[in-house]
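Beneath this line is the structure, given in structure tokens, with notes to follow.
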Amino acid sequence: MHASASSNATRELEDVKVMEKEKTMHASRHATRELEDVKVHVKLKLAGLWASVMFMFVYVDVIGFYRPGVIKAILAGFMWKFEITQTVLLAGMALMTIPSLMVFLSLALPARANRWTNIVVASLFVPASIFNVIGEPGVFYFWGALIVELALLALVIRYAWTWPATESRSASVPITSAA
């Protein structure tokens, strides 16, 4: 009888092990996995926002060529209501060079200069973006793009303004006298 009880106990133990293994396999199949989330540095966020601003500027300009009469006006020497001159082209290029440079400067400048450069340049681009849609009658994509551009510029200002600070090492070192 003793052998029979021992074999029953062994079988029960094996059954328990099998059930535990099945529970573990079931749990691992149905477990929710956490997605990895990496903290992105402010400099990368700012560079990405400036790249997005540039894409919006380019997208609006390219789509604008599909409006009736735009290509005809360009071929006649006019961009919007302005005569196409070297000065107008240079001004347009200068305006678009600034956000292009901001992608790089957001990555390269030291934190303090970076913060204020982003705040100032984004603040100056808000009225520039608004100026680009003034006088555009009933063109919804211009106004939609303006909303997106203003939101992107607001994010640039917000991220730069709320740039995380770190405590300097010199502030945490106690000053002692040599006396």
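In the chain, taking the dipole from charged Cβ atoms about the Cα centre, the farthest positive-side position among 57, 85, 118 is held by 85.
What part of the accessible area of the chain, given as a whole %, is carbon or sulfur when the probe is 1.4 angstrom?
On the way: 9350 of 13760 Å².
Answer for the chain is 68 percent, counting heavy atoms of protein chains only.
Taking amide H as placed 1.01 Å from N in the peptide plane, residue 79 has its amide H under 5 Å from the amide H of 84, each at least 5 places away in sequence or on another chain.
Here the dipole of the chain is about 360 debye; that uses its Cα centre as origin and unit charges on the Cβ of Lys and Arg (positive) and Asp and Glu (negative).
Rolling a 1.4 Å probe across the protein heavy atoms gives the chain an accessible surface of 77 Å² per residue.
When all alpha carbon pairs of the stretch 98-150 are counted in 10 Å bins from zero, the resulting P(r) reads 23, 42, 25, 10, 1 %.
Give the angle, between 0 and 90 degrees and rounded to the nearest 10, that separates the Cα long axis of helix 140-161 from the longest principal axis of the Cα atoms of the chain. That works out to roughly 60 degrees. Each of (1) 26.3; (2) 10.1; (3) 13.9 is a candidate for mean projected area of the Cα convex hull in nm²; the one calculated from this structure is (1).
Can you tell me the 0 to 90 degree angle between the C-alpha axis of helix 111-133 and the longest principal axis of the chain, rounded to 10? For helix 111-133, the angle is close to 60 degrees.
The values are calculated or read from the model by the stated rules, or taken from the named source; none is laboratory data. Please read these numbers as outputs of a predicted model, since none were measured by experiment. Note that we place each Cβ from the backbone using ideal geometry, even for glycine, and neighbour counts take in every protein chain shown. Side chains are part of the model used for accessible areas, which takes the heavy atoms of the whole protein and leaves out ligands, DNA and RNA. Shrake-Rupley method; radii C 1.70, N 1.55, O 1.52, S 1.80 Å.
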